[in-house]
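First comes the structure, then the notes that go with it.
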Amino acid sequence: MKRFVFIVILLSLLVGLAGLGHFYLYLHSPVGGAERSLTYEVQKGAAFARVARELEAEGLIRHPLYWRLYARLQDRAHRIRLGEFRLSTTMTPAEILDTLVTGATVQYSHTVLEGWTFRQLLDSLATHPQIVQTDIVRDREALMAELGQPGMHPEGWFYPDTYHFPKGTTDLEFLRRANTITRERLEAEWAGREEGLPLRTPYEALTLASIVEKESAVTSERPMIAAVFISRLRKGMRLQTDPTVIYGMGEDFDGNIRKSDLRRDTPYNTYTRSGLPPTPIALPSGESIHAVLHPADTDALYFVARGDGSHHFSATYEEHREAVIRYLLGGNADRYQGDTR
């Protein structure tokens, strides 16, 4: 009798060990067959049993009950994350569970260009297929209140960069992230600014940075362009910069700026009004913010486009006049009608 009991116990142990071995091999062996990758999405509210069935249907795991048992033994069945995951038939069931619990979700990207207006930013977000649209971003006052800046105009407050995010990110979440970066960058640059600048607040620096952004096609020139505007502010000279006039024209701008446009007064016309415009006119880059708070050491008060994206800088009106004739009028002095910028 004792021998029989011993044999039964021994056989039970062997069966148990065999079962454990089979379970171990299951967890650490891929399904095999042709190598195939796919994007699998864990949707909100999806039960773990449903996930197991879908993975089986996709040919990524076998015996979904085994996989569910393993997840529960690991106390991970309730910890899988929402989002899209890149999975492959070369992955083991254990690796698939690890990916769903701790792995990175599939990321999409969207680039916000330097010099865009806030309207252009919103339009670009509206066309991205993986970004969820919300009503609040179209209400400027509600948006800025939600971002912790009640009463603030949204122009200029969103950092131009390439962003990566999972499917289902809302436009509000995207804007919150871009807004945070601009605020942190502006705060850090303002804290380390040069002394004696004619800028009273970080917001004035942001506003001037947006002008520098629109005036500069060559990054290396931004400190020089910033220096020209800083010097003009110090001397009480008007900034006389076309991008502010264009911004103030709004939808009336048809691609051309005329003498009559420069004379028509708006809050953004820096030919008719002194000082800075009331708000930024575009999304400034970090380089433009830095340039405004660390301008070049120069006595230049004027600049004119050379036609290749760069500018000629002048310290006197006479030199500036010659540069305008050379670069804009093809050397024909008779065509010069005066430019006091």
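Quick notes on this structure:
- Kirkwood hydrodynamic radius (C-alpha pairs) into Stokes-Einstein, the range 89-151, 20 °C and 1.002 mPa s, D in µm²/s: 142
- Stokes-Einstein diffusion coefficient of the range 168-316, Kirkwood radius over Cα pairs, 37 °C, 0.692 mPa s, in µm²/s: 204
- Size descriptors for the chain (Cα atoms only): Rg and Dmax, in that order, 31.4, 124 Å.
- Using C-alpha pairs below 8 Å separated by at least 6 residues, the relative contact order for the chain is 14 percent.
- The tail of the calculated P(r) for the range 68-212, taken as Cα-Cα distances beyond 17 Å, holds 69 percent of the pairs.
- Computed over the range 173-225, the P(r) tail beyond 12 angstrom holds 71 percent of alpha carbon pairs.
- Projected label points at Ser260 and Asp139, each 7 Å from Cα along the beta carbon direction, are separated by 4.0 nanometres.
- Extension gain, Thr102 to His28, is 24.9 nm, computed as 0.36 nm per intervening residue step minus the present C-alpha separation.
- Along each principal axis, taking the top coordinate minus the bottom one, the Cα set of the range 31-151 gives 57, 30, 19 Å in descending order.
- Nearest-20 debye value, the chain charge dipole, Cβ charges on Lys, Arg, Asp, Glu: 1400
- Dipole magnitude (debye, nearest 20) for the range 83-174, charges at Cβ of Lys, Arg, Asp, Glu: 160
- Only the Cβ atoms of Lys and Arg (+1) and of Asp and Glu (-1) were treated as charged; on that basis the dipole of the range 198-259 about its Cα centre amounts to roughly 440 debye.
Rule-based calculations on the coordinates, nothing more; no lab input. Note that the coordinates shown come from a computational prediction; the quantities given were computed from them, not determined experimentally. Please note: Cβ atoms are built from the backbone with ideal geometry, for glycine as well, and neighbour counts cover all protein chains shown.
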